[in-house]
Structures are given as C-alpha cells and as structure tokens.
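Below is one structure, written out as structure tokens; comments come after it.
The values are calculated or read from the model by the stated rules, or taken from the named source; none is laboratory data. Values in this document were obtained by computation on a predicted structure and should not be read as measured data. All Cβ positions, glycine included, derive from the backbone under ideal geometry; neighbour counts span all protein chains shown. These area figures cover heavy atoms from the full protein model, side chains too; ligands, DNA and RNA do not enter into them. Shrake-Rupley method; radii C 1.70, N 1.55, O 1.52, S 1.80 Å.
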Amino acid sequence: MRVITWNVAGRVSRQPEQAQAIAAVGADVVALQEVTSRTLPLWRVLDGLPEMRRGRLLGVLTASRHPLVRLPAPADVPWPERVLCCVADDVEVVNLHSPIAPAPDLAKVRTHEAIAAYLATGSDRPRILCGDLNTPRRELPDGDVLTFAHDSAGRLRPERGERWDRAERALVHGLRTHGWVDAFRALHGYGERQASWTFARDRGGWRLDHVLVHGLRPVASAYAHDWRRAGLSDHSALVADLVR
C-alpha cells in the first residue's frame, strides 16, 4: 500500500499542480490536510470533509483506490473536522490535522490526548495514523523528542507545562510502547535532520508531517521537498510504501 499525506495549505491557484503531483505518485491512499470549502469541489475523491464549523475553515480529506468505509471519530476530539477515520483495503487510516499551539481551549492538547487514547486500544486491523501532527519541536539522535511545550532552549514553558508535553509526546513517541512505528525514521534513523515545514529558503523548520503504522512494515518513505520548494504548499508531502 502506497500512502501519501500532504498539507496542501488551501492553495486554490496551485491546486491543479497539486493534483498533478499527487496523481503521478500512484498512491493507494491519499490523505490531505488544510482542505477548504473552496478547494473541496475540485478534489475528485471518494470521501469528503466533516461539517465545517464557524470560524474554523480547514478540514481533512481522504481518498483511496479501494472502497472507503467511514468510521466514527473519537468522541473527545474538540475539532471533529480535523480528523477522519476510514477503512480502506481492511486497513484503518486516521487522517489528522492537529490544531496549532495558540488554538483556544487547549484544542491541540485535547486532540492529541483523544487520538492517543483511541489508537492505544487494540484493533484487529492494521492501522495508519498520518497527517500534519504539528509536533515535535526537535528530534534527538537517540529517538527522543522535544515538544512545543518547550522553548527553543529546551526548557519546559511554565504556561504549557507537563500535560501539554505528555499530550504531544503521546503520538510521535508514546505510541511506540503499543507497537507503532514511524514509517520515515524506521528506514532513515534519527541521524539526519529533516523538516517538512521550513521558513523561507529552507531555513529552520520542523518535521510536522508523519506516517505512523501498526501492523504494517514500511519498505520506503520519502518527503517530496521539491513540491514545497516550488511553492505548491508550505509543507512537504510524505510518501510511504507499506506491506503487511
């Protein structure tokens, strides 16, 4: 199964080029984030957005070569339009766009807590979590992570605290204890820094976009940095090949 996840940044003028790039990959499953009511009609897909909410204009969208069966999202997710759970070819795909840190009412923390609790439960199917998780701030050579609960010097920010840190770690680090694997780092290790979102001219940035798997084995995984550098989005897409 080839999976592509991409935050397409709601870019209407670049949408034809985005679609062309995605089509050339030949993916079995496509998971998009930052789809808007304006760009949705132009995406010819098999599943659509949850209902948009006033003041929140971004949603996620999943498509598959196989018939999709939509599953209910975890009940405790504060912004339900940001998560889509489906089954494709007997694999559960969870497409997530995490709220950013300034989102009100601890939306980011509560989203990570809800998705982590949902995925920590067992399943008879293989599972994929993919999307823009908006974490971590830094990956360390030993595989540990620093979250956005920390400042740039690695100090825990008092206004965010340990709950925030635990919530962000729960997906990109904590799921490992339940047998989950990072499809990119499993193949490339932690020795090389990668960033899927950067400042201008590839300065700085973070690896925010992920494919995490349970019950599947990654055999190839790579970021399409050239798409970001060409201005198709401010995020690099991630393509992963998975086998059972």
| query | So what's the Cα pair-distance distribution over the chain, bin width 5 Å, in %? | reply | 1, 6, 15, 20, 22, 18, 12, 5, 1, 0
| Considering the zone a paramagnetic label at residue 157 would reach in this model (a point 7 Å from Cα along the Cα-to-Cβ line), which residues of region 168-203 have amide N under 16 Å from it? | 168-169
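Expected output is a single nm value to one decimal: the length gained when fully extending between residue 75 and residue 38, i.e. 0.36 nm times separation in residues minus the C-alpha distance. What is it?
Working: separation 37, 0.36 × 37 = 13.32 nm, distance 2.71 nm.
Between residue 75 and residue 38, full extension yields an extra 10.6 nm.
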| query | GluC sites (Glu not before Pro) within region 107-210: which are DSSP loop residues with at most 10 other Cβ atoms inside 10 Å? | reply | 159, 192
| Over the chain, what percent of the accessible surface lies on carbon and sulfur atoms, probe 1.4 Å? | 51
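Using 0.36 nm per residue of separation minus the Cα-Cα distance, give me the extension gain between residue 19 and residue 234 in nm, one decimal. Kindly include the intermediate steps, with their values, before the conclusion.
Values: separation 215, 0.36 × 215 = 77.40 nm, distance 1.56 nm.
Full-extension gain reported as 75.8 nm.
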| field | Gaussian network model of the chain, springs between alpha carbon atoms under 10 Å - residue of 57, 68, 96 with greatest fluctuation | value | 57
| said: Just the number please: accessible area per residue for the chain, 1.4 Å probe, all protein chains included, in Å². | reply: 46
